[in-house]
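**Q** Before anything else, here's the structure in question.
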Ligand SMILES: [Zn+2]
């Protein structure tokens, strides 16, 4: 037996012994449906013989948020993990029930990301949370949880994290997307429970629910690889350094519809807005303007609603406020140019 490997601590996931030097695809039981159909959580584990941290990557905690599934697929099927140190655990579908229903929610309209830490005797959401926390998160030092905007809403690729923690802040900046938001821990969220277990978490938000978005997928995969290099789980890249300056927003807020109607939007994701700019006009069914939606501060559009219909009070534009908004615009352009240049090769079948 390899003596170095024997010094690595034992790891058991769903009753399976996870040996150094191997990779695994497991289906972890999480309950059964009305029809006696067993529901399982797919888990991929790659464990190196070389010691190093344990990192989890999770997607589809909200069952309609799919970009992360493709990010994980590319990560585990690519060649970048050949020289892995430590252990990578990927869960492409944390919430299979939500994916089957193409829905953010579980039965009873429960939100899995408000159901942590859960309980083995709880409702389906509580059991899923409990299984994920104890079978996956408990083994880990770090985690990256992949999300998208809600249905009919898009997010500019962005990292949300507890920036008061120095190591988490370094990981957030290294991910290499233009916008980083300091986010408080929410009650019942995975981040809150993971934090209590001492696991450092980044939340990646990009794109729209129920869609694959190529820029968001590429930015996500590259960001994960960059963080893995920072954590010495992968050797340094020989590629030239990515020309992105992530900027931390001081705060952010939603601009809401001032009336109900059909929307003509004049600003899109990544645009800079200045106080007083008209972001959209709201019209009646004849096309007559009933009101205008105006920016109240300077900032960058980091989230928006794609559906051209609003009720008064609906959240329309998520604006992040920066000291230097022009630098953010440049950084967003750099990201687009480097990840999706005009001459980018189309995706090919394997
Ligand atoms: Zn989400």
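The values are calculated or read from the model by the stated rules, or taken from the named source; none is laboratory data. On a predicted model such as this, the values are computed, not experimentally measured, just so you know. Cβ coordinates were reconstructed from backbone atoms using ideal geometry, including for glycine residues, and neighbour counts include every protein chain displayed.
**Q** Can you tell me which of 71, 30 is modelled with pLDDT of 95 or more and either touching a strand residue (DSSP E or B) at 6+ places or on another chain (Cβ under 6 Å) or surrounded by 13 or more Cβ atoms within 10 Å (Cβ to Cβ) (or both)?
**A** Working: 30 fails: modelled with pLDDT of 95 or more.
Answer to the selection: 71.
**Q** The conditions are (1) more than 16 Å from the ligand (Cβ to nearest atom); (2) under 30 Å from residue 239 (Cα atoms); (3) part of a helix (DSSP H, G or I), and residue 82 fails exactly one of them. Which is it?
**A** (3)
**Q** Then there is this: Show the residue pairs that are 6+ apart or on different chains and have beta-carbon atoms under 7 Å apart, the first residue being within the stretch 192-217 and under 22 Å from residue 115 (Cα atoms) and away from the ligand (no atom under 16 Å from the Cβ), the second being at pLDDT 95 or above and in a helix (DSSP H, G or I).
**A** Taking only residues 6 or more apart or on different chains, the pairs are 197/137; 197/138; 199/137; 200/167; 200/168; 200/171.
**Q** A follow-up question, please. Out of the residues in the stretch 136-149 meeting the condition of being in a loop (DSSP other than H, G, I, E, B) and more than 12 Å from the chain's Cα centre (by Cα), tell me which one is farthest from the ligand (Cβ to nearest atom).
**A** 141
**Q** Counting only residues that are without any contact (Cβ under 8 Å) to a residue 24 or more places away in the chain and away from the ligand (no atom under 16 Å from the Cβ), how many does the stretch 98-110 have?
**A** 2
**Q** Quick check on residue 88: is it touching a helix residue (DSSP H, G or I) at 6+ places or on another chain (Cβ under 7 Å), closer than 25 Å to residue 24 by Cβ and either at pLDDT 95 or above or assigned to a helix (DSSP H, G or I) (or both)?
**A** Working: touching a helix residue (DSSP H, G or I) at 6+ places or on another chain (Cβ under 7 Å): no; closer than 25 Å to residue 24 by Cβ: yes; either at pLDDT 95 or above or assigned to a helix (DSSP H, G or I) (or both): yes.
Answer is no for this residue.
**Q** Sort through 113, 95 and tell me the only one that's buried (at least 18 other Cβ atoms within 10 Å of the Cβ), within 11 Å of the ligand (Cβ to nearest atom) and closer than 16 Å to residue 135 by Cα. Step through it out loud before you land on a result.
**A** Details: 113 fails: closer than 16 Å to residue 135 by Cα.
Matching residue, one of 113, 95: 95.
**Q** Go through the stretch 153-190 and count every residue that is on the phi > 0 side of the Ramachandran plot and within 14 Å of the ligand (Cβ to nearest atom). Walk me through it before giving the result.
**A** Going residue by residue through the stretch 153-190, those that are on the phi > 0 side of the Ramachandran plot are 176, 188.
The next check asks that each one be within 14 Å of the ligand (Cβ to nearest atom); those that pass are 188.
Number of matching residues: 1.
**Q** Against the definition (within 29 Å of residue 85 (Cα to Cα), surrounded by 14 or more Cβ atoms within 10 Å (Cβ to Cβ) and within 16 Å of the ligand (Cβ to nearest atom)), how does residue 129 come out, yes or no? Steps first, please.
**A** Numbers: within 29 Å of residue 85 (Cα to Cα): yes; surrounded by 14 or more Cβ atoms within 10 Å (Cβ to Cβ): yes; within 16 Å of the ligand (Cβ to nearest atom): yes.
Yes: the conditions hold for residue 129.
**Q** Among the residues of the stretch 42-68 satisfying the criterion of being more than 22 Å from residue 171 (Cα to Cα) and within 16 Å of the ligand (Cβ to nearest atom), which is surrounded by the fewest Cβ atoms within 10 Å (Cβ to Cβ)?
**A** Within the stretch 42-68, the subset more than 22 Å from residue 171 (Cα to Cα) is 42-44, 49, 62-66.
Within this subset, residues satisfying the condition of being within 16 Å of the ligand (Cβ to nearest atom) are 62-66.
Values: 62: 24, 63: 23, 64: 20, 65: 28, 66: 25.
If we take residues in the stretch 42-68 being more than 22 Å from residue 171 (Cα to Cα) and within 16 Å of the ligand (Cβ to nearest atom), then 64 is surrounded by the fewest Cβ atoms within 10 Å (Cβ to Cβ).
**Q** Since residue 270 meets every condition but one in (1) surrounded by fewer than 21 Cβ atoms within 10 Å (Cβ to Cβ); (2) touching a helix residue (DSSP H, G or I) at 6+ places or on another chain (Cβ under 7 Å); (3) more than 26 Å from residue 293 (Cα to Cα), which condition does it not meet?
**A** (3)
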